[in-house]
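Every number in this text was worked out from the coordinates using simple rules, so none of it is lab data. Computed from a predicted model, the values in this text were never measured in an experiment. Counting neighbours? That spans all protein chains shown, and the Cβs are built from the backbone with ideal geometry, glycine included.
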């Protein structure tokens, strides 16, 4: 009898555990009312994405998510789920697409400039406008996506608002800042740090010259790292002169800039200052800038910096609480309060 009770208790605990696991796995799924597959063409390349609609009647506010660096699919391999679900819960529709050469999209993102990526966004926007009734539509760009948005602004793309998370200003300056943080995390001495950054500046010069062979020889003569692939090198060459300032000067629509104080990729105080100074010089008033304390490049809480295991566990357990506490509400409230 005692053994039978133990077995029953074990089964009940196992069932409860499995139900909890199933419930928590929903954190990694996008909780939409309707998903629409959106296919579009830009420069002869077929691209594919998804439009996620909330459980509210139209017209919709629409957020177009623009990827940062890397071979990202429409959901950022599930990484957008918590952000999208928050927006969907607030009645805000979301759209994102697979980068060129990723999942269902043709092409190769490593062969693209930021301008070419912005052209893709404009092509997708034209399709989206005919798919659903839209009250206002805007872009949410992460990291490298800030340069894409800068190009959108220069072309006067038909968007009603802009949000940038962790956006840098100058491509090469950002690289030096990033490598400076690498040197600090590696605990280099001052001399080692100086030597390392001199090495970085030299290979940046080789990128600007588009000298891949010279770059490979140079890197192999040092012990810091392996050379990047020729494709990645060419991508860096294509975009090495990217600078957001001219695009910022064309940002007349409402703007929200969000930065994390513990960002290891981007000098957030420099970005904040450039946006703020440029907007003030323009006489622009419809903007807000925030630097969140205890927040990373992605606006995660800083305890997840370089700790992917802890991030995965906590994503499973606490969901969107992995983000700095003010991020998601600041984002959705700002969008909803726009006229």
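Among 160, 119, 69, which one shows the biggest mean-square fluctuation in a GNM of the chain, springs joining Cα atoms closer than 10 Å?
69
Would you mind computing, in nm to one decimal, how far apart the modelled labels at residue 218 and residue 106 are, each placed 7 Å from Cα along Cα→Cβ?
3.7
Is the shape of the range 173-239 rounded, prolate or oblate, going by the alpha carbon gyration tensor and its root eigenvalues a ≥ b ≥ c, with a/c under 1.5 for rounded and a/b larger than b/c for prolate?
Numbers: a/c = 2.18, a/b = 1.63, b/c = 1.34.
Prolate.
Compute the Cα gyration tensor for the range 225-309, then decide on rounded, prolate or oblate, letting a ≥ b ≥ c be the square roots of its eigenvalues: rounded whenever a/c is under 1.5, prolate when a/b is larger than b/c in the other cases, and oblate in all that remain. Don't skip to the answer; put the middle values down first.
On the way: a/c = 3.04, a/b = 1.25, b/c = 2.43.
It is oblate, given that a/c is not under 1.5 and a/b is not larger than b/c.
If we sort 138-145, 36-43, 296-303 on the protection proxy, mean other Cβ atoms within 10 Å, highest first, what's the order?
On the way: 138-145: 24.0, 36-43: 14.5, 296-303: 20.2.
Taking the mean over residues of other Cβ atoms within 10 Å, the ranking is 138-145, 296-303, 36-43.
Considering only DSSP beta bridges with both partners in the chain, what is the antiparallel share in %, to the nearest 5? Could the numbers behind the result be given before it?
On the way: 16 of 42 bridges.
So the antiparallel bridges amount to about 40 percent of the total.
In the chain, if every C-alpha pair distance is counted and binned at 10 Å from zero, what percent goes to each bin?
5, 22, 31, 24, 10, 4, 2, 0, 0
Given the options 104, 154, 280, which has the most mean-square fluctuation in a GNM of the chain, springs set between C-alpha atoms less than 10 angstrom apart?
Result for the chain, Cα springs under 10 Å: 280 fluctuates most.
So how far, in whole Å, is the C-alpha centre of the range 92-113 from the one of the range 190-239?
27
Pulled fully out, how much extra length does the chain show between residue 294 and residue 312, if you take 0.36 nm times their separation in residues and subtract their Cα-Cα distance? Walk me through the intermediate numbers first.
On the way: separation 18, 0.36 × 18 = 6.48 nm, distance 1.84 nm.
Gain in length upon complete extension: 4.6 nm.
Between residue 155 and residue 191, what is 0.36 nm times their sequence separation minus the Cα-Cα distance? Round to one decimal in nm.
Working: separation 36, 0.36 × 36 = 12.96 nm, distance 4.48 nm.
Additional length available on full extension: 8.5 nm.
Can you compute the label reach from residue 201? Point 7 Å from Cα along the Cβ direction, backbone N cut-off under 17 Å, restricted to the range 165-188.
Under 17 Å, as judged by backbone N against the label point of residue 201, lie 171-184 of the range 165-188.
Give me the number: length gained by fully extending residue 252 to residue 33, i.e. 0.36 nm times residue separation minus the C-alpha to C-alpha distance, one decimal in nm.
On the way: separation 219, 0.36 × 219 = 78.84 nm, distance 3.28 nm.
Extra length available between residue 252 and residue 33 comes to 75.6 nm.
Quick check: from the Cα gyration tensor, does the range 276-339 come out rounded (a/c under 1.5), prolate or oblate?
Numbers: a/c = 4.61, a/b = 2.02, b/c = 2.28.
In terms of gyration-tensor shape, oblate.
Return 30, 164, 335 ranked ascending by Cβ neighbour count within 10 Å, so the fewest neighbours appear first.
Numbers: 30 20, 164 29, 335 23.
Result, fewest neighbours first: 30, 335, 164.
For the chain, set up a Gaussian network in which alpha carbons nearer than 10 Å are linked by springs, and say which option among 167, 78, 146 fluctuates the most.
78
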